[in-house]
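Working notes, beginning with the structure itself.
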Amino acid sequence: MPMKLTALFLFFVSVAFCDVAKISPKEAAQLVAEGKAILIDVREPKEWQQTGVAEPARLLSKSDFEGDQKDWKPFLANAGDKRLILYCHSGRRAGVVANALADRGHAVANAGGLADWKAAGLPIRQEKPPAAKSP
């Protein structure tokens with residue numbers, strides 16, 4: 001029985017990720033440079049600080065997308081008709097968020113993981129921890 005459930009789960013996961021186009025980091029960088037797209041890193045703040053982020057990336061975590069969307073709502077309200085190109089560590093979380101955005105009518109693509117961006121020789125920037133709030 002567990003094998004059938006595993007197979008069913010894998011089927012649904014594969015179907016969920018087939019709707020969003022995959023795009024290479026170099027294609028993503030070109031579209032962003034042309035002003036046709038916005039690159040979004042959907043990883044979490046600790047990851048941004050530990051590994052750095054793609055130079056042109058907006059930082060909008062998957063947890064915020066699935067939560068109260070305090071950062072995502074205003075971003076989406078102002079994104080216009082630009083294509084949203086997402087990446088994460090491996091491309092999995094980017095695919096989940098991209099599918100949800102596509103279901104809402106946004107033009108999206110999945111650029112995979114940060115390692116793909118680095119392997120393409122594209123620029124990275126370091127993120128500093130947020131400033132401590134005073135009591």
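The values are calculated or read from the model by the stated rules, or taken from the named source; none is laboratory data. Just so we're clear, the structure is a prediction, and the values are computed from it rather than from any experiment. Methodologically, a virtual Cβ is constructed for each residue, glycine included, from the backbone with ideal geometry; neighbour enumeration extends over all protein chains shown. Accessible surface is based on the protein model in full, side chains and every heavy atom, while ligands, DNA and RNA are left aside. Shrake-Rupley method; radii C 1.70, N 1.55, O 1.52, S 1.80 Å.
Seen through its C-alpha gyration tensor, with square-root eigenvalues sorted a ≥ b ≥ c, segment 14-90 comes out rounded because a/c lies under 1.5.
Here the dipole of segment 18-135 is about 160 debye; that uses its Cα centre as origin and unit charges on the Cβ of Lys and Arg (positive) and Asp and Glu (negative). In a simple Cβ point-charge model (Lys, Arg +1; Asp, Glu -1; nothing else charged), segment 76-135 has a dipole of about 180 debye relative to its Cα centre. Taking only protein heavy atoms and a 1.4 Å probe, the accessible area of segment 21-79 is 50% carbon and sulfur. Using heavy atoms of the protein chains and a probe of 1.4 Å, the accessible area assigned to K26 is about 120 Å². The apolar share of the surface of segment 85-124, taken as the fraction of accessible area on carbon and sulfur atoms (1.4 Å probe, ligands and nucleic acids excluded), comes to 52 percent. A 1.4 Å probe run over segment 56-132, with the rest of the protein chains in place, finds 53 Å² accessible per residue. Take 91-104, 64-77 and order them by the average number of nearby Cβ atoms within 10 Å per residue, most first; the result is 91-104, 64-77.
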